[in-house]
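Engineer: Have a look at the structure that comes next, please.
The values are calculated or read from the model by the stated rules, or taken from the named source; none is laboratory data. Given the structure is predicted, the values throughout are model-derived calculations rather than measurements. Don't worry about glycine lacking a Cβ; one is built from the backbone with ideal geometry, like all the others, and counts go over all protein chains shown. Side chains included, ligands, DNA and RNA excluded: accessible areas come from the protein's heavy atoms. Shrake-Rupley method; radii C 1.70, N 1.55, O 1.52, S 1.80 Å.
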Amino acid sequence: MAPRIKESDSGVPTYWGASGRMLQVLITIVATTDFLLFGYDQGVMSGIISAPAFIAAFPEVENDSTYEGFVVSIYAVGCFLGACFIFLFGDKLGRRRSIFLGASIMIIGVILQVATVPVGSGATAQFIIGRCITGVGNGINTSTIPTYQAECCKAKNRGKVICVEGSMVAIGTLIAYWIDYGCLYGPDNFTWRFPIAFQVVFATIVLVMMISLPESPRWLLTHHRDDEAATVLAGLNGLPRDDPEVVIQMNIIKDVVSSSGGGGKVPVKTLVTNGKSQHLRRAILGASSQMMQQLSGCNAVIYYFPILCQDVLGTDHNLALLLGGINMVVYAIFASTSFLLIERIGRRKLFIIGTVGQCLSMVLTFACLVPGTEGPAKGAAVGLFTYIAFFGATWLPLPWLYPAEINPLKTRQKANAFSTINNWLWNFFIVMITPVLITGIGWGTYLLFAVLNACFIPIIYFFYPETAGRSLEEIDLIFAKGYIEKMSYVRAAKELPIMDEAQIAETARQYDLTDSDIENRSINGSYKEKRQQDEELVPKTGLQA
């Protein structure tokens, strides 16, 4: 289904009546709404799973930590399957249709959950299937939305925009916690049905807006749909289709597509190659950040905070939800500061600061639980509050940003999907085992997470190069320099000076790069040379400025 396209009086294509900056704002609204839904889904079960009304409706979860973990974590299995779907078919389907499909699947899953009639074990099975289907839709969207936004919005906003998306995850979780708490005072069925049904609000916004939003111009060009791509680029820039700037951008993107193999067809085996481009290393760096995010214990806190309060601190369900809601306020506040820090402090330092803070918070939590008395146990809650503050400001957005930056043009989409697959795979693992660990080893659960966080510090220090302030082309040069000069890539990042476009093109020729983002600068000369060539063509084609 093609989007509805109109033109303004000046001949500028419009979508939802918007073009230029306002059209990019609409795309950002879709992206942030979807990540709000992502965060909402992460938090909604935390206040439901231990609610008396939910236990009465689904008695299988009562006093069974394994089943409890399964009901919560099956959502991550669905997300994993959705991410795998995009890994295999995302290039063929396209960004717009993928997002539309993801939102539709989520609504179907929600309907299945809400329509469950609590009679017999079949009711629990229906709820689990519905939750898994909702996860499939979310996996499709979280694997597609960042790519779609990056390809439609200005490159200079890359870091900040993705960090804003990250903060939306925290705000979505905050909304879920407080809706759970508010519904606690309603009828029994309302206690769990309404919070789950509320997901449809976010999904419907995404679905409706995508009806008239454009496809990614890069995807259109990789599938040789040049006329449609020109229309989209014109709308995104707020210019007529025949404007010289649109012609120049079309030619530049065509060069990028050509240098990445053309047609958007990149074999999976390309991910396991190295050489100057270091495809495998870079894919592992991106995926490892998603893995470490989950192994740090974030979802043990996000999903199970109310249960931790009830089981460990001895609070009732009402107070546990209230504390969980306050914890999510802290989460959202600190997550909202990440875009202010990301460019000033840098990715690498934020990774290390966050890891140290999370490690010490987990140390505080388990140390306060060791005595086994109520007084010291209150200090454990403080540890969980400080943990979520450090996580929100650092590890929440970074694993979504770093893979998008660190991977080269040729493998970027598949490598990003691979990273997202890792996120959901380890998400499922942690959410599944956390109730079992708490039941089995108690405070040892937090000691385990403290040790895991401590293990991440040397990995980041020795293997994660800094990418802040670097163009995507310069990041290619970092890996080429490390490979050719036989040095660590962290050191290569420190030694490689900040470059302008002419210096990047010259260094690329020195390293003889033939498979990177550099090609769109070097294959036909520098950007300025390319622009001059295109401007010389404009009068010959009769285009008007």
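Engineer: Hey, could you grab the Kirkwood Rh for the stretch 266-469? Inverse mean 1/r over distinct alpha carbon pairs, Å, one decimal. Please report the intermediate quantities before stating the final value.
Structural biologist: Values: mean 1/r = 0.0565 Å⁻¹.
The Cα-based Kirkwood calculation yields 17.7 Å.
Engineer: Same structure again: Per the helix-only calculation at 222 nm, which mean residue ellipticity applies to the chain, given -39500 (n - 2.57) for every DSSP H run of n ≥ 4 and division by its residues, nearest 500 deg cm²/dmol?
Structural biologist: Calculated at 222 nm, the ellipticity per residue is -24000 deg cm²/dmol.
Engineer: Moving to a separate point now. Relative to the longest principal Cα axis of the chain, at what angle does helix 188-197 sit, 0 to 90 degrees, rounded to 10?
Structural biologist: 10 degrees
Engineer: Still on this structure, I have one more. List the trypsin sites (Lys or Arg not before Pro) within the stretch 1-86 that DSSP assigns to loop and that have no more than 13 neighbouring Cβ atoms inside 10 Å. Provide the component values of the computation, followed by the final result.
Structural biologist: Working: sites: R4, K6, R21; in loops: R4.
Hits after loop and neighbour filter: R4.
Engineer: I want to make sure I understand the PRE zone here: with the label point 7 angstrom from the Cα of V268 toward its beta carbon, which residues in the stretch 80-100 have backbone N atoms less than 15 Å away?
Structural biologist: 81-92
Engineer: Check which residues have an amide H placed less than 5 Å from E7's amide H, if you skip close sequence neighbours.
Structural biologist: The answer is T14.
Engineer: Please compute the per residue accessible area over the stretch 447-490 with all protein chains in place, 1.4 Å probe, rounded to a whole number of Å². Provide the component values of the computation, followed by the final result.
Structural biologist: Working: 1730 Å² over 44 residues.
Accessible area per residue: 39 Å².
Engineer: Using label points projected 7 Å from each Cα along Cα→Cβ, tell me how many nm separate A454 and H317, to one decimal.
Structural biologist: In this crude label model, A454 to H317 measures out at 3.8 nm.
Engineer: Further, regarding this structure: Which value, in Å² rounded to 10, gives the accessible area of M209 with a 1.4 Å probe and all protein chains present?
Structural biologist: Accessible area, nearest 10 Å²: 30 Å².
Engineer: To the nearest 0.05, what FRET efficiency results for R281 and I353 with a Förster distance of 35 Å applied to their C-beta separation? Present the calculation step by step, with values, prior to reporting the outcome.
Structural biologist: Details: r = 24 Å, r/R0 = 0.69.
Approximately 0.90, to the nearest 0.05.
Engineer: Then there is this: Once R0 is set to 25 Å, what does the formula 1/(1 + (r/R0)^6) return for the Cβ-Cβ distance between Y185 and A125, expressed as a FRET efficiency to the nearest 0.05?
Structural biologist: After rounding to 0.05, the efficiency reads 0.25.
Engineer: Let me ask something else. Quantify, in whole percent, the carbon and sulfur part of the accessible surface of the stretch 17-211 (1.4 Å probe; protein heavy atoms only). Can you show the working numbers first?
Structural biologist: Details: 4700 of 6640 Å².
Of the solvent-accessible surface of the stretch 17-211, carbon and sulfur hold 71 percent.
Engineer: Okay, next question. With all protein chains present, how much of the accessible area of the stretch 266-469 (probe radius 1.4 Å) comes from carbon and sulfur, to the nearest whole percent? Let's see the in-between values first.
Structural biologist: Numbers: 5290 of 7020 Å².
Carbon-and-sulfur percentage of accessible area, whole number: 75.
Engineer: What stretch of the chain, leaving out the sites themselves, is the longest with no GluC sites (Glu not before Pro) in a DSSP loop having at most 14 other Cβ atoms within 10 Å?
Structural biologist: 63-342
Engineer: On a 0 to 90° scale, report how tilted helix 298-308 is relative to the longest principal axis of the chain, with both axes built from alpha carbons and the result rounded to the nearest 10.
Structural biologist: The helix 298-308 is inclined about 20 degrees to the chain.
Engineer: Follow-up. Rg and Dmax of the chain, Cα atoms, in Å?
Structural biologist: In Å, with Rg to one decimal and Dmax whole: 24.3, 83.
Engineer: Using alpha carbons only, how many degrees (0 to 90, rounded to 10) separate the axis of helix 226-237 from the longest principal axis of the chain?
Structural biologist: Orientation of helix 226-237: about 70 degrees from the principal axis.
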